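The values are calculated or read from the model by the stated rules, or taken from the named source; none is laboratory data. All figures in this text were calculated on a predicted structure; none of them were measured in a lab. All Cβ positions, glycine included, derive from the backbone under ideal geometry; neighbour counts span all protein chains shown. Ligands, DNA and RNA are excluded from the accessible area calculation, which covers all protein heavy atoms including side chains. Shrake-Rupley method; radii C 1.70, N 1.55, O 1.52, S 1.80 Å.
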Amino acid sequence: MKRVVIVGAGIIGLAMAKELTGYGLDVTVYDGKKSVAEGSEKASGILSKRGLELSGIEYKESIVNTLNGARLHFGRQTLKVSTEKVQAYVLDRGKLAEINYRSAVEAGVDIKLGSRLSLEQIRDFDDGNTIIVGADGAVSSVARAFSFPQIENFVLTYKAEYKNAKIGDRSMVDLYFSKKYAQGFFGWIAPYSDSVAELGIGITDRVKKHSVMAFDLFAETEGVKSVIGNAELVKGLASIIPVSSRAKTAEGNVILVGDAAGQTKATTGGGIIFGIACAKVAARSIYLHLKEDRKLSLYDKDWRRSYGTDLKMHAMLHDYYSKVSEAHMERFIGIAKALGAESFFSKHGDMDSPTLMLKRLFLRRLVK
Ligand SMILES: Cc1cc2nc3c(=O)[nH]c(=O)nc-3n(C[C@H](O)[C@H](O)[C@H](O)COP(=O)(O)OP(=O)(O)OC[C@H]3O[C@@H](n4cnc5c(N)ncnc54)[C@H](O)[C@@H]3O)c2cc1C
């Protein structure tokens, strides 16, 4: 009987380990962190309500705020997408990690924290009797140890938390698109409460700038100053997000999931919903491999069949936005608003799945 080793106890590694125990398999997870929440404040936790419900992970104890919509700012144009119902949650990522760690341990997963593995240690698992899962994030050691192709596009990020911020409406997140400070991505203000906000920025790694410089420029803009002008900065941290998938995510007895595979939305950098969905596909591929001797490498085709189109659409939208000029984008948003884009996206929009949005629209047209 083969054993399964997962490198990385991030949210995707934990979700996958729990899924594998559901198939009756023994799993050991290794992570370099001493505590599971370590480093979690580097990332944000804005996730769609629908995506979270489908993911099956435990998250309710980690909710800090509810969101009804977003305001997307393009120069002088603002596109407001909102509904009366809660669309998304702001989660405390540290708590989310702790809840899912507890839940995996209760399910019988053996998690070895404080175990950062070298490339040699990872290669040593490859004894013909072990399935190795790289759930070890954007700079995956498993991918390097087994010479997987590189991820081509990254976004460099910086985010900070502010106390005593002036938040007008805590049910809305603000996204600021400008090539002056957020080349190839955007800046954001996400409310945690009536007075605590997260300010963040992403820039494409292709501009060869530091995200802290971009963050400082963003913090000086009028819209942002009105929110954090007199607020107290709690902490700031830099990180990276992969925004394209690896050309190959399975080879022999090794597979990659989550950020290690680049299973993120290129438009927003959100990686949890698709990462978990792909981890479920990966767990099933492992189960079928062990039970029916189905080739494990088919996992690559399996997840792309289910989620590849959505991720490609996110990549295309991201590519389009990155290439066009700011003036063009402002004009485009002006026209889109005049054509009813705000009510269209408020009714049919989906944070995660562009294909679902198109399906809903198509069905509406059919029944009209
Ligand atoms: C600024 C920012 C904002 C974000 N906002 C959102 C958001 O709002 N919504 C959303 O869905 N996603 C968001 N994301 C993306 C999201 O955080 C990631 O997609 C998600 O955390 C990926 O999880 P993972 O488990 O694949 O990888 P990670 O969370 O990176 O976990 C990998 C784990 O592997 C461990 N590891 C690495 N190498 C080794 C090794 N050699 N040996 C042992 N352990 C190792 C690490 O310690 C780590 O715990 C954001 C990211 C950033 C940076």
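Tabulated results
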| quantity | calculated |
| --- | --- |
| Conditions (1) part of a helix (DSSP H, G or I); (2) among the small types (G, A, S); (3) without any contact (Cβ under 8 Å) to a residue 40 or more places away in the chain; number of the one not met by G24 | (1) |
| Options G229, G223, G258, G252: the member that is touching a residue at least 40 places away in the same chain (Cβ under 8 Å) and under 15 Å from the mean Cα position of the chain (by Cα) | G258 |
| Which numbered condition I241 misses (of (1) part of a helix (DSSP H, G or I); (2) touching a Phe, Trp or Tyr at 6+ places or on another chain (Cβ under 9 Å); (3) within 29 Å of E53 (Cα to Cα)) | (1) |
| Residue within region 20-34 that is touching a Leu at 6+ places or on another chain (Cβ under 9 Å), of a type in the set (S, T, N, Q) and either away from the ligand (no atom under 13 Å from the Cβ) or more than 19 Å from V105 (Cβ to Cβ) (or both) present | no |
| Elements of type strands (runs of 3 or more DSSP E) in region 83-176, at least 1 residues being open to solvent by 40 Å² or more (accessible area, probe 1.4 Å), modelled with pLDDT of 95 or more and out of contact with any helix residue (DSSP H, G or I) (no Cβ under 6 Å at 6 or more places or on another chain) | 110-112, 154-163 |
| Number of the exception - R93 against (1) in contact (Cβ under 8 Å) with a residue 12 or more places away in the chain; (2) more than 11 Å from the ligand (Cβ to nearest atom) | (2) |
| Qualifying residue in region 222-237 (condition: within 13 Å of the ligand (Cβ to nearest atom), β-branched (V, I, T) and either in a strand (DSSP E or B) or not assigned by TED's automatic domain parsing to the domain that holds I132 (or both)) | no |
| Residues of region 285-303 that turn out to be in contact with a Ser or Thr (Cβ under 8 Å, 6 or more places away or on another chain) and surrounded by 15 or more Cβ atoms within 10 Å (Cβ to Cβ), as a count | 6 |
| Condition met for G8 (under 21 Å from S353 (Cα atoms), within 10 Å of the ligand (Cβ to nearest atom) and either among the charged types (D, E, K, R) or surrounded by 20 or more Cβ atoms within 10 Å (Cβ to Cβ) (or both)) | no |
| Only listed residue being closer than 28 Å to R71 by Cβ, touching a Ser or Thr at 6+ places or on another chain (Cβ under 7 Å) and open to solvent by 60 Å² or more (accessible area, probe 1.4 Å), chosen from L339, L311, L317 | L317 |
| Total residues in region 187-228, condition closer than 19 Å to G75 by Cβ, touching a strand residue (DSSP E or B) at 6+ places or on another chain (Cβ under 9 Å) and surrounded by fewer than 14 Cβ atoms within 10 Å (Cβ to Cβ) | 0 |
| Whichever residue in region 238-252 is away from the ligand (no atom under 15 Å from the Cβ) and open to solvent by 30 Å² or more (accessible area, probe 1.4 Å) and, among such residues, is farthest from G200 (Cα to Cα) | G252 |
